[in-house]
Structures are given as C-alpha cells and as structure tokens.
1. In the list S94, S63, which residue meets the criterion of being open to solvent by 60 Å² or more (accessible area, probe 1.4 Å), in contact with a strand residue (DSSP E or B) (Cβ under 9 Å, 6 or more places away or on another chain) and either over 13 Å from F175 (Cα atoms) or acidic (D, E) (or both)?
2. Within the stretch 101-113, can you find the residues that are among the hydrophobic types (A, V, I, L, M, F, W, C) and either closer than 17 Å to G129 by Cβ or at pLDDT 95 or above (or both)?
3. Looking for whichever is in contact (Cβ under 8 Å) with a residue 12 or more places away in the chain and either assigned to a loop (DSSP other than H, G, I, E, B) or within 19 Å of T96 (Cα to Cα) (or both) here; the options are S188, S130. Which one fits?
4. Go through the stretch 66-79 and give me each residue that's assigned to a strand (DSSP E or B) and open to solvent by 50 Å² or more (accessible area, probe 1.4 Å).
5. Tell me, yes or no, whether the stretch 146-160 has at least one residue that is among the aromatic types (F, W, Y), touching a residue at least 40 places away in the same chain (Cβ under 8 Å), open to solvent by less than 70 Å² (accessible area, probe 1.4 Å) and within 18 Å of T53 (Cα to Cα).
6. With the structure loaded, tell me whether R168 is in contact (Cβ under 8 Å) with a residue 60 or more places away in the chain and within 21 Å of A52 (Cβ to Cβ) or whether it fails that test.
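The values are calculated or read from the model by the stated rules, or taken from the named source; none is laboratory data. Since we're looking at a predicted model, the values are computed, not measured. Every residue, glycine as well, gets a Cβ built from its backbone with ideal geometry; the counts of neighbours run over all protein chains shown. Accessible surface is based on the protein model in full, side chains and every heavy atom, while ligands, DNA and RNA are left aside. Shrake-Rupley method; radii C 1.70, N 1.55, O 1.52, S 1.80 Å.
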Amino acid sequence: MTRWPTALPPRPCSPRPGICSGRRSPPPLPTNTVAGSVFTDSWPVAWVNLGATDDGSTISYESKVEAINVAEFFDPIQWVTTGREGGIAFALTSWTLNNLKRVLNGGSLTVVSGTGATALNKYEPPAPGSEVRCMIGWESLDATVRFIAYQCFQGGKLEIANKPAPNRALLPAEFKFEIPTSPTVPFSVWSAGAARVGS
C-alpha cells in the first residue's frame with residue numbers, strides 16, 4: 001500500500017491492498033500494531049487511497065561510490081559514498097483529476113459550475129516553485145511489511161496514452177525521496193513478526 005501527504009482532503013484508505021496517500025504537515029503515522037505476525041491497525045484517515053496500479057510499484061535506492069586511489073597500489077585503498085538517491089514508481093489506473101493533481105505535485109482543482117452530474121471541473125498544474133511535497137506509504141498485501149518515505153517529489157515523465165480497449169489510460173508517477181526536517185532519514189521499513197526479519 002502506498003500513501004502520500006499534501007494539502008488534500010482526508011479520505012479513509014483500505015488497510016491492505018493498493019496505493020494510498022496522506023497529507024502534508026505531516027500526517028499521523030500508523031501505530032504499527034502487530035498480532036499474529038501481521039499488522040492489525042488501520043492507516044490513519046488522513047491517508048488517501050490512490051487506487052490500483054497497472055503493474056505494482058517499484059521502490060529503488062542507489063548508493064553512488066567513488067574510489068580513493070594512491071600511486072603505490074593498482075587497487076583502490078577505499079571506496080567512499082558520494083551520493084544516494086531513491087524513489088518509488090508506479091502507474092495509477094484510477095484516472096481522476098485528484099490523482100492527476102497528486103502526480104503533478106499539486107496545482108489547482110476547482111468546480112467551475114454545477115454540482116454532481118452537472119459539475120464542470122477544471123485542473124491546472126502548479127506554477128514552478130509552488131509544487132507540494134508528499135509522503136508515500138506502502139503495505140504488502142499480506143500485511144507483514146510497511147514502508148514510508150517521509151518526503152517525496154514526483155519527477156518522472158507524465159505520458160498518458162489513450163488507446164482502444166483492452167488498453168487503458170494510466171497516470172505514471174516516479175516519486176523521488178528527499179531528506180525531511182524530521183526524521184532525518186528518507187524512509188523507514190517495518191515488518192510484523194519474525195519471518196520477514198530473516199536470519
């Protein structure tokens with residue numbers, strides 16, 4: 001399950017499958033209550049369910065290293081970390097203006113006229129510099145692993161292909177991890193029970 005924070009109206013999200021998002025400032029975190037080797041608590045209502053994905057999600061994290069060399073040896077005497085970056089990528093199958101707003105880091109979504117079935121709605125992307133960061137959370141379908149990235153910025157290419165059935169329009173997103181003010185780590189991973197810890 002994946003979750004996100006920004007100034008969005010809270011909605012309950014399903015506790016297990018799919019992708020969810022919360023709101024910025026920051027949203028309350030799950031309590032991570034465990035019983036029977038699974039998480040038994042629900043995500044707080046500030047997290048918003050983004051709906052299903054086309055092919056799951058991919059979490060990546062890369063360390064960049066460089067060699068320290070000296071004239072007397074062919075091999076490096078040490079490798080040092082010079083940078084790190086990571087993110088989470090997925091393609092949403094729920095093509096809504098609210099999800100479009102989320103994958104474009106905010107913007108303006110307004111009701112132009114009418115209500116319900118007669119409503120005319122308009123979305124406009126954010127001005128550069130006014131984008132909104134978010135948190136992303138994910139939970140495994142078996143409720144044994146939870147992942148939260150504390151501050152994310154969507155930096156992937158939004159390309160919407162409108163094709164005939166059985167294809168469908170998707171909202172692809174690639175949220176990049178940033179270091180928030182608190183905590184000072186880009187993400188945390190929790191597991192329920194002993195099996196996911198390994199030996």
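1. Details: S94 fails: open to solvent by 60 Å² or more (accessible area, probe 1.4 Å).
One residue alone meets the criteria, S63.
2. Going through the stretch 101-113, the residues among the hydrophobic types (A, V, I, L, M, F, W, C) turn out to be 103-104, 109, 111-112.
Listed by number, the residues that qualify are L104, L109, V111, V112.
3. S130
4. Within the stretch 66-79, E66, I68, Q78, W79 qualify.
5. Yes, because at least one residue in the stretch 146-160 is among the aromatic types (F, W, Y), touching a residue at least 40 places away in the same chain (Cβ under 8 Å), open to solvent by less than 70 Å² (accessible area, probe 1.4 Å) and within 18 Å of T53 (Cα to Cα).
6. Details: in contact (Cβ under 8 Å) with a residue 60 or more places away in the chain: yes; within 21 Å of A52 (Cβ to Cβ): yes.
Yes; evaluated as a whole, the condition is true for this residue.
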